[in-house]
Structure formats: C-alpha cells, structure tokens
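The values are calculated or read from the model by the stated rules, or taken from the named source; none is laboratory data. Just so it is clear, the model here is predicted, and its values are computed rather than measured. For neighbour counting, all protein chains shown are included, and Cβ atoms are generated from backbone atoms with ideal geometry for every residue, glycine included.
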Number of protein chains: 2
Amino acid sequence: MATSKKHIFLDEEIKIAEIAKVLSHPARIAIIRILLKKDCICKEIVEELPLAQSTVSQHLKELKKVDLISGEIEYPKICYRINRTMWQKVQNDLIKLFKSCC
Amino acid sequence: MATSKKHIFLDEEIKIAEIAKVLSHPARIAIIRILLKKDCICKEIVEELPLAQSTVSQHLKELKKVDLISGEIEYPKICYRINRTMWQKVQNDLIKLFKSCC
DNA sequence: ATTATTCATCGTATATTTACGATTAACAAT
DNA sequence: ATTGTTAATCGTAAATATACGATGAATAAT
C-alpha cells in the first residue's frame, strides 16, 4: 500500500469550521446571547461586557462577516440584530454534521 | 447612567466557545467525519488527509483534550473512536444555545 | 461652525494556532 | 539485541487572533 489520494478539505468542512470559529470566543457567544434577548447598539454591549469599545466592534465585525448579525444605521447609533435566517442555517449545518453520526 | 456592572464571561459561554474552537478547523471536522464512519488508527487518517503525521497527531490531541474522541492502545497502533456520549453532549450544548433564540 | 455622541478603523503588542521535520517512545517480531 | 511500525512529543517558523488606545468618520443638535 504505497501512498494515497491526498485531497484537500471539502467545502462543507471548511464552512462548518468557519462558523465554529466565529462561535469560538466567549465574547462572541456573550454578544449573541445579548442580541438574542433584544436588539442593541454597540454601546449597550460594551456596557455589559468587560471589553473596550474597539474590541467589541471587532467582534461585531466578525459576526457580521459571516452574516450572523446585521447592523441598521441610525446615526450616530447602529442597531445590531441577530440574522435569524443565518442563525437557523448555522443550526442546520451543525445538526447536519451531527446527523452523519448514527 | 454612569457606568455598569462589568462582569466576566459565564461558564456556559466559555464552555460553548471551547467546544466551538475544537470544531473550528477543517482538519478536525474532517477527522471527525472520518471517525464517524469508522474507528481508525492515526496512520489511516494521515493517509486520507494532506497533512503530516505530527500535525494529525496534534489535532487528535485537541479532540481528545475535550473528550470528543478516545484512543485505545494496541501497540504500536492506537485505535481512535468518537466518544458518542460527548458528541451527543456537544449537540445538546449548542442546541441549548440555539433554543434561547425563539 | 461647533460640539457631542457613537462606532469603525488603524497601529501595535502579545498570545495562540498551525504546520512541519526530527526525534523519541513503545512495543512486536525476529 | 536488532529491526520495523506506529504514534507522541519537541523545537521552531509563520500565520492568525485578540486586545487596547488613539484617531477618524458620520451625523444630530445647538
């Protein structure tokens, strides 16, 4: 048995990993939980978490990058909310992985 | 409204983030999928993935650290398998987070 | 125009992750 | 004892993530 058909990772594997990465920081889980309760502006989140405003903003950016949240501009505020469709999709993707179990 | 009750992250948030972190690399998702199909020794996984043996071993260590897999020694091989109980728990934890949604 | 408010971005320092090759450890078989 | 097989660990380089303060951008209110 010489060697092998080395292949690259599957798209699905990459996508699941991407979503998991977004969920892989307590601050982002905390932000999601806050937003699940109610839509918030960045400042409100900053006041609930022991993090600088710039740091929270960065986490929000990550969440926005994968479309888990969206922000509606009402200058100078930006109202963040969970993207329920995407949130459902995250669940489906993960559950799909789970399903390949038994 | 001066400032606020800054608190640290909740245990639950940390735990979910920890699990998500383990799932946040395509290689580890790939390894899980391989092991969901059948128990494998490290060498078999190395042959299926475009990664060095030491790298796969490191990923296996991560998965083992959170108890998602276990390894049974049959020198010089080690047979890895999914810890179904833990795998179920991961699902429950994530679904619990999802549930706080609607 | 100036001021106040909110948030994003920039620059940067530090820590963590990821990957690899080389080596070591643990045995089985000879 | 030597050899072969498998996997863990070590050392290390490169990339990525995380955090913060400082600054800049966008507007509303004065």
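Quick notes on this structure:
- Verdict on A:Ile73 being surrounded by fewer than 13 Cβ atoms within 10 Å (Cβ to Cβ), within 14 Å of DNA strand C (Cβ to nearest atom) and of a type in the set (Val, Ile, Thr): yes
- Matching entry among B:Ile34, B:Ile8, B:Ile45, B:Ile19 (being in a helix (DSSP H, G or I) and modelled with pLDDT under 95): B:Ile19
- Residue under evaluation A:His25, criteria (1) touching a residue at least 40 places away in the same chain (Cβ under 8 Å); (2) within 30 Å of B:Leu49 (Cα to Cα); (3) crowded, with 19+ Cβ neighbours inside 10 Å, criterion not met: (1)
- The set of residues in the stretch A:6-21 that are at the interface with chain B (Cβ under 8 Å from one of its Cβ atoms) and either touching a Cys at 6+ places or on another chain (Cβ under 8 Å) or of a type outside the set (D, E, K, R) (or both) comprises A:His7, A:Ile8, A:Phe9, A:Leu10, A:Ile14, A:Ile16, A:Ala17, A:Ala20.
- Subset of the stretch B:56-90 (residues that are within 14 Å of chain A (Cβ to nearest Cβ) and within 8 Å of DNA strand D (Cβ to nearest atom)): B:Val56
- Against the conditions (1) more than 8 Å from every other protein chain (Cβ to nearest Cβ); (2) away from DNA strand C (no atom under 12 Å from the Cβ); (3) surrounded by 15 or more Cβ atoms within 10 Å (Cβ to Cβ), B:Glu48 satisfies every one except (1).
- Of the numbered criteria (1) part of a strand (DSSP E or B); (2) touching a residue at least 12 places away in the same chain (Cβ under 8 Å), the one A:Gly71 fails is (2).
- Residues that are in a helix (DSSP H, G or I), touching a helix residue (DSSP H, G or I) at 6+ places or on another chain (Cβ under 8 Å), among the aliphatic types (A, V, I, L, M) and under 30 Å from A:Gln53 (Cα atoms) are absent from the stretch B:52-67.
- Residue match in the stretch A:84-97 (condition: among the polar types (S, T, N, Q), free of Cβ contacts under 8 Å to residues at least 40 places away in the same chain and over 30 Å from B:Lys37 (Cβ atoms)): yes
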